[in-house]
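Engineer: Can you keep this structure in mind? I'll have questions shortly.
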Amino acid sequence: MKCSFDEGAASCARCTVNGHDCVVLGRKPRSPGLREVLQKQIREKDARIDELLSQMNPTPSLTTPLSIIPSRLALTDSQRCTYRDALAWLEKAQSSSKTDLRAKIDVSFLEDGSDSDLDSEDDKMSVDDDVPSTSRRSVRFSHLPGAAAPAGVLAAAALESNRGKSPMRVSPLPEEPEDSQDLKIEGGIGSKSYFQPGPSANLDLRRLIIERQAAPDILLSGLVTYDDVEILFDLYFKWINPFIPVLDENIHTPAAVLGRCPFLFTVVCALASRYYDAKPEMYGVALHLAKAAAANAFLDGWKTIEMCQAYILLGAYIPPARRWEEDRYWFFTGIAFRLGIELNLNRMPKTMPTDERGERELLNRLRTWIICYIMDRCICINLGKPFMVPEDEIIRNAANKFLGFKFQHPGDAYMVSLVEVLRIITRFAETLAPIMDGRQDISSIGIDINTMQKLIDDELTAWKTVAVERSEKESNRGEPAHVMQTALMHSVFQYCRLVIFSAGLQQVMKMGGLKDDNIFFAGCLQASSSVLNLMIDGLIPTGFIRHCPEQVFSLTAFATVVLLKSLRPEFAAKLDHNQEQRVINLVERLISLLDEDPDRSDEQRITRRYSRFVRHILNAHVADLERSRAEPSSSAQPPSLEKKQQIPSEPACAPKVEATERQAPPTFDVQPPIDPLAQCLPNAWDELFPNQSFGPTSPLMAMTDMDYMSMLSLPDDDPLWFSNFNGRF
């Protein structure tokens, strides 16, 4: 019965008349609607999923999580203002250690048609050839030690023991109390689950764990949005991947990378943000997140090929350090090399894949291993250190093992060519290593430097012929990326020749044979000027110069230093005044083009920094040259070196000179050693390729890992040629 109240009354009229307490009852509870029921069920299932994931992927007791303290980041006021919300999220995340508060993401927001097309195929990959797979998307290749190794024998015994009790589970979900207890034991090989594949072996399960437990901070903080991710990946594959083609655009889509490795996802976004003109302030914050992700992956990450690729990219594109002792590129690349060995990237499967997904995954592994070899050889030759990556069967037969697949990447051919030329220069470096570091004298080991130069030059010429033929068969010739790789390949060829000639010139000067040398000094001039001309007329016009790794410019800087050293007084008898001026003009032309970067507001742009560096070296040498010219001619030109060495101004068409003929005294017409393809090239002192269209028949060669090539220079302790800069370099 409904109560009726008079105006201003505290109780209703009916209760007042009957003397009852007036109590207004609340509304009867209504039955929950369908929406509330569904929401409750979703929350219950969500909690159950988290519980199951915590059982399959328990947090190790020795986990050492690292977090970023935003207040300590080296950011500008503009960056802090633009991304204050992202920094606030990082501050909050740093102060909270509860994993259940970590937000979740949905990888499907980044998926497109290409992801579903590949996933719809039969991409089943078993953990080992003898182990059945219960998942459609398991890892095909074994990461366990070799069967002949002691650890491999233990692994086989442990897996066989477990197989006798129950079938191998790719994603081991404990069914027995004993299994559940075993997962809690972190006892190495004493644990039955030690050699079994973990949750990361199943790509579907790995994606689920990442979505719910390991989403990257670069997304959670709001620094990048899903729309930004699409743009950043497009920038990466257009401008960065052609230099270091470690990723395949067909399988490394934004959704696939995020679902496989948050670390690699963060690195790709961070590196591409350097060239994201719409949000120029993003790069500084994103790079800090990438470094933090690298540290966390090193401490507690899964050993996956994606982690190896992420460290490769960081090693190549990490910003330059202020000083040598602060440089960390060796740290990232060293982890990548060791991780590649740990993942058995050098082992071919027993059965070759027959579907697109399987073939692309195989090529992905081979491509990563080859890049590890390239980077290892370049860094170790540069530093004079022992190699980490062995020259195994895949490296020795790279063309047969890596090429010829149906779903080949456009840049794979030039990578094979790079491996082959690095094997040549590696043999040269290994032979001269005891001499260059001063442990032995060249006469004590019975090496004739002229004969060695001829043998290596013949090998390089043969390699060049094969590389040109291989480049002409590329399907993407004429595209900007192929044009850039072509210019870079020929630059590396000339750079290798420069390394050989400069090392030979050091030995000639040590033995006091500069007067009779008609090979090495001229070879240094020709090779170094060719490197500069290829940068000027080959690489810069492609538009890729803004996106080059740091080491590409150090390659050109090394050639510039060698070229300018030819202006020193001890070489005055080798060049006349006009030739010296041509050297200066060539270097000045390089500086002017580097200064033409359209983004002149960014003083940290790599082209601006290197133009300042080269200008500083040029000014110092020009000043020394002017002082030497002001001195009496007798002090600048010893009587024993009266004739000038002439570098021809016409295309070099002379055939190669035999070693016996090279012993003749220098004459007016002496030319550097010429290989068969050199007749296609104008002389080093003229502008190479004045109206060159970089097509398949161009004398330029195809290649991209220039990040690694610039590190080919031999170690040098000799003050006569490389080190005597009086503190200028």
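The values are calculated or read from the model by the stated rules, or taken from the named source; none is laboratory data. Remember, it's a predicted structure, so these values are computed and weren't measured experimentally. Note: ideal-geometry Cβ built from the backbone for every residue, glycine included; neighbour counts use all protein chains shown.
Engineer: Would you pick out the residues in the range 338-348 that are over 18 Å from LYS303 (Cα atoms) and surrounded by 17 or more Cβ atoms within 10 Å (Cβ to Cβ)?
Structural biologist: none
Engineer: Of the residues that sit in the range 394-409 and are touching a residue at least 40 places away in the same chain (Cβ under 8 Å) and among the charged types (D, E, K, R), which one is surrounded by the fewest Cβ atoms within 10 Å (Cβ to Cβ)?
Structural biologist: It comes out as LYS406.
Engineer: Is there any pair linking a residue in the range 333-356 that is polar (S, T, N, Q) to one that is surrounded by fewer than 17 Cβ atoms within 10 Å (Cβ to Cβ), with Cβ under 6 Å and at least six apart or on different chains, and which?
Structural biologist: ASN346/ASP392
Engineer: Has the range 402-423 got at least one residue that is aromatic (Phe, Trp, Tyr), part of a helix (DSSP H, G or I) and closer than 25 Å to MET348 by Cα?
Structural biologist: Yes, the conditions are met somewhere in the range 402-423.
Engineer: To continue, here is another question. Quick check on my filter: what residues within the range 556-587 are over 19 Å from PHE520 (Cα atoms) and among the aliphatic types (A, V, I, L, M)?
Structural biologist: ALA557, ILE584, LEU586, VAL587
Engineer: Tell me, please, whether a residue that is closer than 28 Å to ASN400 by Cβ, among the acidic types (Asp, Glu), without any contact (Cβ under 8 Å) to a residue 12 or more places away in the chain and surrounded by fewer than 18 Cβ atoms within 10 Å (Cβ to Cβ) can be found in the range 440-457.
Structural biologist: no
Engineer: Separate question: In this structure, does LEU235 turn out to be within 15 Å of LEU313 (Cα to Cα) and within 14 Å of the chain's Cα centre (by Cα)?
Structural biologist: Against the criterion (within 15 Å of LEU313 (Cα to Cα) and within 14 Å of the chain's Cα centre (by Cα)), LEU235 does not qualify.
Engineer: Is it the case, given these coordinates, that SER592 is small (Gly, Ala, Ser), out of contact with any strand residue (DSSP E or B) (no Cβ under 7 Å at 6 or more places or on another chain) and at pLDDT below 90?
Structural biologist: No, not satisfied.
Engineer: Looking at this structure, is ARG367 assigned to a loop (DSSP other than H, G, I, E, B) and over 24 Å from GLU430 (Cβ atoms)?
Structural biologist: no
Engineer: Still on this structure, I have one more. If you check ASP300 against the conditions, is it in contact (Cβ under 8 Å) with a residue 12 or more places away in the chain and among the charged types (D, E, K, R)?
Structural biologist: It is true that ASP300 is in contact (Cβ under 8 Å) with a residue 12 or more places away in the chain and among the charged types (D, E, K, R).
Engineer: Since TYR283 meets every condition but one in (1) crowded, with 23+ Cβ neighbours inside 10 Å; (2) closer than 16 Å to ILE218 by Cα, which condition does it not meet?
Structural biologist: Of everything listed in (1) crowded, with 23+ Cβ neighbours inside 10 Å; (2) closer than 16 Å to ILE218 by Cα, TYR283 misses just condition (1).
Engineer: OK, next. Go through the range 472-500 and give me each residue that's at pLDDT 85 or above, surrounded by 19 or more Cβ atoms within 10 Å (Cβ to Cβ) and of a type outside the set (A, V, I, L, M).
Structural biologist: Scanning the range 472-500 gives HIS482, GLN485, HIS490, SER491, PHE493, GLN494, TYR495, CYS496, ARG497.
Engineer: Here's another thing I want to ask about it. Return a yes/no flag: does the range 501-521 have any residue that is closer than 27 Å to ALA321 by Cα, surrounded by fewer than 24 Cβ atoms within 10 Å (Cβ to Cβ) and touching a residue at least 60 places away in the same chain (Cβ under 8 Å).
Structural biologist: No, the conditions are met nowhere in the range 501-521.
Engineer: Among ILE335, ILE370, ILE379, which is the only one that is more than 17 Å from GLN551 (Cα to Cα), touching a Phe, Trp or Tyr at 6+ places or on another chain (Cβ under 9 Å) and surrounded by 22 or more Cβ atoms within 10 Å (Cβ to Cβ)?
Structural biologist: ILE370
Engineer: Among the residues of the range 315-342, write down those that are closer than 19 Å to SER273 by Cα and either at pLDDT 95 or above or among the aromatic types (Phe, Trp, Tyr) (or both).
Structural biologist: Listed by number, the list holds a single entry, TYR317.
Engineer: Mind checking which helices (runs of 4 or more DSSP H) fall wholly inside the range 176-236 and carry at least 1 residues that are modelled with pLDDT of 80 or more and not polar (S, T, N, Q)?
Structural biologist: In the range 176-236, 203-213, 217-220, 226-235 are the helices (runs of 4 or more DSSP H) which contain 1 or more residues that are modelled with pLDDT of 80 or more and not polar (S, T, N, Q).
Engineer: If I filter the range 569-589 down to residues being under 21 Å from ALA557 (Cβ atoms) and touching a residue at least 60 places away in the same chain (Cβ under 8 Å), which single residue comes out as surrounded by the fewest Cβ atoms within 10 Å (Cβ to Cβ)?
Structural biologist: Taking the candidates together, the pick is ARG582.
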